[in-house]
Amino acid sequence: METIGIPRSVINEIIDHAKAGYPDEVCGIVAGKEFSSAHLYNMTNTENSRVSYFMDPGEQFQVMKDIRERKEKMLAIYHSHPDSVAFPSAKDVRLAYYPDSLYIIVSLAGDIPVLKAFSINEGEIVEISVKPL
Ligand SMILES: [Zn+2]
């Protein structure tokens, strides 16, 4: 399995965001020149839903602009699964428009949060191992 290293602080920030938004799904963008120096943009889930998310398009436009101006990349899109496992739902796969980005999902369904990363390309889901740095 391919492995990416993500700073522990970034992982914790994603988990904290997921907990703060519980019981709704939260979403955001991981940006940077590379994962080892990544930072987050917390985004608004316009769906206010426990089972799905949709990023505010205006907010996303501003963030993409900011990322370009910083000469960084959108490395991953993250969202939470308050009540289900850390695996892309059918809708997540259908709406995975960015094959060059990873999709990070944090599940709060169990006793401890579980964070996993996937690449989703034309419906094909491949798990990427996350190594906390
Ligand atoms: Zn999902």
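The values are calculated or read from the model by the stated rules, or taken from the named source; none is laboratory data. Note that the structure is a prediction, hence the values are computed from the model and not measured. With ideal geometry, Cβ positions are generated from the backbone for all residues, glycine too; neighbour counts draw on all protein chains shown. Please note that ligands, DNA and RNA were not included when accessible areas were found on the heavy atoms of the full protein model with its side chains. Shrake-Rupley method; radii C 1.70, N 1.55, O 1.52, S 1.80 Å.
Each residue in the stretch 1-43 was checked for being of a type in the set (S, T, N, Q) and in contact with a Gly (Cβ under 6 Å, 6 or more places away or on another chain), and 2 pass.
Is one or more of the residues making up the stretch 33-41 open to solvent by 40 Å² or more (accessible area, probe 1.4 Å), within 16 Å of the ligand (Cβ to nearest atom) and closer than 23 Å to Pro7 by Cβ? Don't jump to the end; show me each part of the working.
Looking only at the stretch 33-41, we keep the residues that are open to solvent by 40 Å² or more (accessible area, probe 1.4 Å), and these are 33-34, 36-37, 39.
From what's left, within 16 Å of the ligand (Cβ to nearest atom): none.
Within the stretch 33-41, none of the residues are open to solvent by 40 Å² or more (accessible area, probe 1.4 Å), within 16 Å of the ligand (Cβ to nearest atom) and closer than 23 Å to Pro7 by Cβ.
The C-beta contact set for the stretch 90-106 (first residue free of Cβ contacts under 8 Å to residues at least 60 places away in the same chain and within 17 Å of Val130 (Cβ to Cβ), second residue within 9 Å of the ligand (Cβ to nearest atom) and open to solvent by 70 Å² or more (accessible area, probe 1.4 Å), distance under 9 angstrom, 6+ apart or interchain) comprises Ile105/Phe87.
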